[in-house]
Amino acid sequence: MWHIAKRELYDNLNSLRFALATVLLLALMLTNTVLYLREHPKRIQAYHNAASGAVKTLEGRSTSLYRLATEGPGDLHKAPSLLRFCAEGDEAFLPTHASGANFVRRIADRTPIWRMGYPQETPNLRNIRPDFATLDWAFIVGYVLSFIAILFTFDAISGELERGTLRLTLANAIPRHTVLMGKFLGVFISINIPFTIVVLMNLILISTSDAVQLNPEAWGRLGILYSVIILYICLFIALGLLISAAVRESGVSLVVLLLIWVSFVVFMPNTLASIGSRTLVPIAYEEFWTQRIRLADAARAAYRDKYGDSQITPSVHVLGEYVTTEAEEHERYNASYLKQQIEQGKRARAITRISPAAIVQRLFESFAGTGFERHLQFIENAQRYTREYREFVVDTDRADPESLHLIGIQEGMSQKPVNPEAIPKFKDTLSLSRDFDAVATDLLLLVLFLGVLVSGAYLAFVRLEI
Amino acid sequence: MLLTLIRRELLDNLMTFRFAAAVFITLLLVVANTVVLLKDYEQRLTAYNTATQESYQRLREEKTYSYYIGKLVAHRPPNPLSIFNLGLDKQVGNKINVYHGFVPTIWDAEKHRSDNPFLNLFTSIDIALVFQGILSLLALIFAYDALAGERERGTLRLVLTHPIRRGYILFAKYISAMLCLLVPLLISLLLSIVLLTTSTTIFLSTNDFLRLGGIVLTSLLYVSLFYLIGMWISAMTRRTSTALMLCMFVWGFLVLVYPNLILTAVEITPQPDTQASAYNQIKQMWEEFDRENKQLLRNDPVLGPLSRDGEGWGFYVEGGEYTFGMSEDKPSILLYFFQTGFYAGKIGAESEPQVPRLQNYYRFYNRETVNTVQRTWLVREPALEAIYIHPANLGRTLLKFSPAGLYDAATEAWAGTNLEDIQDFFNAVQRYRRAVLDYFDDEKIFESRQWFAADHGTADWDALPQFSFQRSGVDVNAKRALPDLFLLLMTNLILFTVIFLIFVRSEV
């Protein structure tokens, strides 16, 4: 078997495709490195500026607990991922922050309580450049490397069949599965050599640069990503061998492989997502907005019915209850709409799982800490922080015996100044175990795909008549 | 003779598996994506119609002129041909406020917010993209063994024993392959047009069909270019397997890698940092205006006290109900302005003597605002050009070194979804703003009582000029597509000549 693998390897090393593949991968990885090393420090700087600005604003509000309760914690910013060079995750299409602020009309001549809002605008709105895919690892592996894998395998069996050398090989006392394994290994190693070299170059350049420090967790994630890449390459090699054995003619086998590649890698992930998203459509934004206004108006009307116009001031207790429930209801309604949108996004992504390329894209995004799943984690973090912040306000107020404990009413809250240090600050964290949970199914599916294709290739080759 | 050759080649090609597979896969992808894009278009059209109606009503709910901010909105309708090439049609904002406080540009526009932002994570695949990827690949697959294959099998020698000119052979091969490639192209286009006609929301005019003709022509040239590239490689190499490898890598490079590589490179080229200085200049102009305005108010014995000693928003007169201060401050798009005003349902008798003074003041204030906007626009326009348009155009130009980029640019121009067409819309909005301002000037609306008070007649919105926008005509589309089309044609001709020369001189 090793002998066959070695022979395959030598064959490939001297071939034109090996040289071309190496040059292509090198150019792509170099661009990737330069792009990352230029953009990442800027991103980090922008994030730190925004985050420290937000903290300053928050601390500026610590003059009274009432301000904290009505104006809210301000903008919560999403931390940029250290591993953005692995997967861009279309971050330009995702909101960069959540906003815990007060942005509604005054109610009963009172400033209402702050609420958490999730803006819908994306940084991409002002972009008028042509659309393009960033050259991240996900692109290089998902598109280019899989393409190269096809070009290395399409004639692995059919070519030898045509030249008649397969007959010669099998004339020796070698079992067929050994031949297949040998071919598999040979192709695998010859693709891996250039790829591993350029990956190492990429990582060495990035880790030796002053601008970026890769921490142990990042290295762990990179390790996982590398094993995902290995799985993905194996998958395409198995596919290539399967088609090559099943079709018998290299010309036809290439056409079939290319068409499979184009449909599964290029078109399916997007087209299927668009089709899938139609199966679970949230209410239209206008509808959402009308309903939201109707809710607020109903609450206000109910309040006015009970206590008349602001001519006779109702007791502060009633007002306190009103402003609190109004804010909570609004936030709950917003969150439920956001949830609908997220569900639609999830549904769209779930359907694309038919394509291994889409699975790998998801795995890349999750382990690199970018993209949709990462955004969901950010939203979760923001929601957790919302609770923390509210609890902090309530607890601080409770600690003051002179207060009436009416949150959102100036005269009903603690008048003592708040220690700016004690206010909880938003921290956007990423957890590897959560990332892993989110994509466990995808990982399993990828392994299953591989299993099916490998056994398919085996069967096709064993039953091949020479 | 030529006909015999063509017939032979045609039959050879038509009976192959690759031809069947090509037709099947193109049809499948085009139909699937047309369905998706059609739904998407319908959704955008509904959003457009709802939004247009809503802003029409909202404007008419206002009684005074000064409250037209945010209510007088120009909407950009979706382009039905965006199904063929989406271009910037969906990406760029389609809802823009018309106001005298700023000059409307692409970057000030918002989107109709009916879609889910998370769906933007998926690229919309238009028909041009399908053709761009699939047809080029097919052309190469048809071409790689056109010459090298026959040479390997020895049939080329056989053919050349007959008294046939070599050019004829080349031409016959080219024509027959193009005829074969035309089949999936035309059938799939036909199917997608049939799908479009089943929709009740899309009406394709004669002009649209002319544009589609342009797209077909461009596609033809594009496919032919890739076929010739394949043939060139086939003529240069002795073995089919080498030709095939080279073809595939050339495809991968031109279609898959180069566009992304070059746009990434444009992204990382350093740009002149004009943004901060331009923004500061603009801000200073506004602050200067603000100072003058406050100075005037403070020194005025009547208006000063009414506006809280020249500091407040609007005026506190008897019967005044609301005051407003409207401001925008977006450094990244160099947008900065603020406007103040107030609304009075019925001005009380006590404040009546001040009304002419207020009218006079607003004449000054509004005129000065318009002048300030004009001054800032002189800074803003070139700065926006440098920050946004130049890099975008640089990227677009560099893209044209790949046939895929040329094809994309040309079909975008035909469909009317490229940057110039989008700019046409915003130019129309700018002209509309001018027309509204002229109307305000002519009818002395800036200094009218209806600017702030609703007691002596209310704002007459129906007399306001109406906004209308027509997509540019086919001739304009053609003019925009022509340079790219010409480039495609020239590369085709050059390649054909090169192949001819190589083939004539080659030993068989």
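The values are calculated or read from the model by the stated rules, or taken from the named source; none is laboratory data. In this text the structure is predicted, and so the values were computed from the model without any measurement. Glycine gets a Cβ as well: all are built from the backbone with ideal geometry, and neighbour counts include every protein chain shown.
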Fill in the blank from the handout: Inside the stretch B:462-488, the number of residues satisfying the requirement of being exposed (fewer than 15 other Cβ atoms within 10 Å of the Cβ) and touching a residue at least 60 places away in the same chain (Cβ under 8 Å) is 1
Handout entry: Flag if B:Ile106 is surrounded by 21 or more Cβ atoms within 10 Å (Cβ to Cβ), in contact with a strand residue (DSSP E or B) (Cβ under 6 Å, 6 or more places away or on another chain) and within 13 Å of B:Ile422 (Cα to Cα)
Key = no
Fill in the blank from the handout: In the stretch A:106-151, residues that are in contact with a Lys or Arg (Cβ under 7 Å, 6 or more places away or on another chain), under 30 Å from A:Ala69 (Cα atoms) and within 9 Å of chain B (Cβ to nearest Cβ) total 1
Exercise for the section: Restricting attention to the stretch A:213-241, report how many residues are closer than 30 Å to A:Gly251 by Cβ and aliphatic (A, V, I, L, M). Expected result: 9
Problem - Single unsatisfied condition, B:Gln57 versus (1) touching a residue at least 40 places away in the same chain (Cβ under 8 Å); (2) surrounded by fewer than 17 Cβ atoms within 10 Å (Cβ to Cβ); (3) under 26 Å from B:Phe446 (Cβ atoms); (4) polar (S, T, N, Q) - result: (1)
Exercise for the section: Answer yes or no as to whether B:Gln450 is assigned to a helix (DSSP H, G or I), in contact (Cβ under 8 Å) with a residue 40 or more places away in the chain, surrounded by 16 or more Cβ atoms within 10 Å (Cβ to Cβ) and within 14 Å of chain A (Cβ to nearest Cβ). Expected result: no
Problem - Qualifying positions in the stretch A:326-373 - of a type in the set (Phe, Trp, Tyr) and under 16 Å from A:Ile140 (Cβ atoms) - result: A:Phe364, A:Phe367
Exercise for the section: Could you please give the count of residues in the stretch B:194-206 that are part of a helix (DSSP H, G or I) and buried (at least 16 other Cβ atoms within 10 Å of the Cβ)? Expected result: 2
Handout entry: Selection from the stretch B:265-284 of residues that are out of contact with any strand residue (DSSP E or B) (no Cβ under 8 Å at 6 or more places or on another chain), part of a helix (DSSP H, G or I) and either surrounded by fewer than 20 Cβ atoms within 10 Å (Cβ to Cβ) or within 14 Å of chain A (Cβ to nearest Cβ) (or both)
Key = B:Ala265, B:Val266, B:Glu267, B:Ile268, B:Gln275, B:Ala276, B:Ser277, B:Asn280, B:Gln281, B:Gln284
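Do we have any residue at all in the stretch B:266-273 that's modelled with pLDDT of 90 or more and either closer than 30 Å to A:Ile128 by Cβ or not assigned by TED's automatic domain parsing to the domain that holds B:Leu406 (or both)? Can you show your working first?
Narrowing the stretch B:266-273 to residues modelled with pLDDT of 90 or more: none.
No - not one qualifying residue is present in the stretch B:266-273.
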Exercise for the section: All but one of (1) buried (at least 21 other Cβ atoms within 10 Å of the Cβ); (2) at pLDDT below 85 hold for A:Asp131, so report the exception by its number. Expected result: (1)
Practice task
Take the stretch B:246-264 and flag every residue that is surrounded by 23 or more Cβ atoms within 10 Å (Cβ to Cβ), closer than 20 Å to B:Asp145 by Cβ and either more than 7 Å from chain A (Cβ to nearest Cβ) or without any contact (Cβ under 8 Å) to a residue 60 or more places away in the chain (or both).
Solution key: B:Cys247, B:Trp251
Fill in the blank from the handout: (1) touching a Gly at 6+ places or on another chain (Cβ under 9 Å); (2) modelled with pLDDT of 90 or more all hold for A:Leu145 apart from (1)
Handout entry: helices (runs of 4 or more DSSP H) lying entirely in the stretch B:289-408 (those with 3 or more residues that are surrounded by fewer than 19 Cβ atoms within 10 Å (Cβ to Cβ) and either within 14 Å of chain A (Cβ to nearest Cβ) or free of Cβ contacts under 8 Å to residues at least 12 places away in the same chain (or both))
Key = B:355-384, B:390-399
Handout entry: Scope the stretch B:9-49; condition facing another protein chain (nearest Cβ under 10 Å), closer than 26 Å to B:Cys180 by Cβ and touching a residue at least 40 places away in the same chain (Cβ under 8 Å); matching residues
Key = B:Arg18, B:Phe19, B:Ala22, B:Ile25, B:Thr26, B:Leu29, B:Asn33
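I need the helices (runs of 4 or more DSSP H) fully contained in the stretch A:145-258, keeping only those with at least 2 residues that are over 30 Å from B:Phe19 (Cβ atoms) and more than 29 Å from the chain's Cα centre (by Cα). Reasoning before the result, please.
Numbers: elements: A:146-153, A:158-163, A:165-171, A:176-208, A:216-247.
Here the list reads A:165-171, A:176-208.
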Completion exercise
Selection from the stretch B:138-153 of residues surrounded by fewer than 23 Cβ atoms within 10 Å (Cβ to Cβ) and not in a loop (DSSP other than H, G, I, E, B) yields B:Gly149, B:Glu150, B:Arg151, B:Glu152, B:Arg153
Exercise for the section: Evaluate the following for B:Arg166: is it at pLDDT below 85, touching a Lys or Arg at 6+ places or on another chain (Cβ under 8 Å) and surrounded by 15 or more Cβ atoms within 10 Å (Cβ to Cβ)? Expected result: no
Handout entry: Residue within the stretch A:406-422 that is part of a helix (DSSP H, G or I), in contact with a Ser or Thr (Cβ under 6 Å, 6 or more places away or on another chain) and farther than 30 Å from A:Ile260 by Cβ present
Key = yes
Fill in the blank from the handout: Sole miss for B:Leu72 among (1) within 14 Å of chain A (Cβ to nearest Cβ); (2) buried (at least 19 other Cβ atoms within 10 Å of the Cβ) is condition (1)
Problem - Which listed residue, of B:Gln91, B:Gln132, is within 11 Å of chain A (Cβ to nearest Cβ) and at pLDDT below 90 - result: B:Gln91
Handout entry: Lone qualifier among A:Ser244, A:Ser274, A:Ser253 - being within 7 Å of chain B (Cβ to nearest Cβ), in contact (Cβ under 8 Å) with a residue 12 or more places away in the chain and either surrounded by 21 or more Cβ atoms within 10 Å (Cβ to Cβ) or touching a His at 6+ places or on another chain (Cβ under 7 Å) (or both)
Key = A:Ser274
Exercise for the section: Mind listing just one residue for me: the one in the stretch A:1-26 that is without any contact (Cβ under 8 Å) to a residue 24 or more places away in the chain and closer than 12 Å to A:Pro194 by Cα and, of those, nearest to the other protein chains (Cβ to nearest Cβ)? Expected result: A:Leu20
Exercise for the section: Mind telling me which of the residues B:Leu181, B:Leu210, B:Leu156 ends up being surrounded by fewer than 22 Cβ atoms within 10 Å (Cβ to Cβ) and farther than 25 Å from B:Pro80 by Cα? Expected result: B:Leu156
Exercise for the section: Give the residue that is nearest to the chain's Cα centre (by Cα), with candidates limited to residues of the stretch A:346-386 that are outside any helix (DSSP H, G or I) and among the polar types (S, T, N, Q). Expected result: A:Thr370
Practice task
Inspect the stretch A:337-354 for any residue being buried (at least 17 other Cβ atoms within 10 Å of the Cβ) and at pLDDT below 80 and give the result as yes or no.
Solution key: no
Exercise for the section: Quick one: in the stretch B:409-432, of everything that is away from chain A (no Cβ under 13 Å) and surrounded by fewer than 23 Cβ atoms within 10 Å (Cβ to Cβ), which residue is nearest to the chain's Cα centre (by Cα)? Expected result: B:Asp424
